[in-house]
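The values are calculated or read from the model by the stated rules, or taken from the named source; none is laboratory data. The structure displayed is predicted, hence computed values, not measured ones. Note that each Cβ is placed from the backbone with ideal geometry, even for glycine, and that neighbours are counted across all protein chains shown.
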Amino acid sequence: MARELYELVGADPERRFSPYCWRARMALAHKGLDAEAVPWRFTETERLAFANHDKVPVLVDGDTAVADSWEIATYLDRTYPDRPSLFGGAEAAIRFIAAWTDQTVNPALVRLIVSDIEPLLDPGARTYFRTSREARFGATLEQVTAGREERLPEFRRLLAPLRSTLRAQPFLGGATPDYADYAVFGSFQWARAVSPLPLLAADDPVRDWRERVLDLFDGLARKNPGFES
């Protein structure tokens, strides 16, 4: 049975934009493992019933189904120990970086880009997306992102821990990337896939790092439809 990765897409099935799906996709590439992309959209929860889950990513590897990006990464390292490690013995520290991204970067980022997502969705998902997100924020999508250019400096300040680290080394993992890089990069790839907003200044070390990760694995992430900003 071929390995499969269920990934969130828009109307264009090639435009994959979930930050967590990108974590899983980059983890697979790091391990040198192929997986067929299975497009999945917001309103298709019943298609994941086999995995007892309602969100992507879901990895199907033979008879095994694994949901959740962190669980997928640990599964890959455990199941394929002969291939390059995702954690290199630093799983606890990398878990912290993933949690920091989830709880600090992503909440700030979504308030800058959420109104750009709806036009990229298939018609069947647009109503669901707008209704669910506006209920979550207590405001319209347009109100959430209003004045976002003026809020960019605040977002960039949040990235200070990344910036100081990346001034000293090319990747969060050190000389070479590891799952810490993919955990953070997934969020920037999400933004790149859906929004033309220039999140990072041209001279930002974080931007230089993002460009390096875009080029990994023969430009795997760069080839995904997105905005160059």
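General observations
- For residue 102, the conditions (1) within 27 Å of residue 14 (Cβ to Cβ); (2) touching a residue at least 24 places away in the same chain (Cβ under 8 Å) all hold with the exception of (2).
- Comparison of 215, 208 shows that the only residue that is part of a helix (DSSP H, G or I), in contact with a helix residue (DSSP H, G or I) (Cβ under 8 Å, 6 or more places away or on another chain) and more than 17 Å from residue 23 (Cβ to Cβ) is 208.
- On the stretch given as the range 79-90, residues that are under 14 Å from residue 33 (Cα atoms) and loosely packed, with under 14 Cβ neighbours inside 10 Å total 4.
- Counting only helices (runs of 4 or more DSSP H) wholly contained in the range 18-124, the ones carrying 1 or more residues that are modelled with pLDDT of 95 or more and of a type in the set (S, T, N, Q) occupy 69-79, 106-117.
- Test: residue in the range 24-43 that is crowded, with 17+ Cβ neighbours inside 10 Å, polar (S, T, N, Q) and not assigned by TED's automatic domain parsing to the domain that holds residue 189: no
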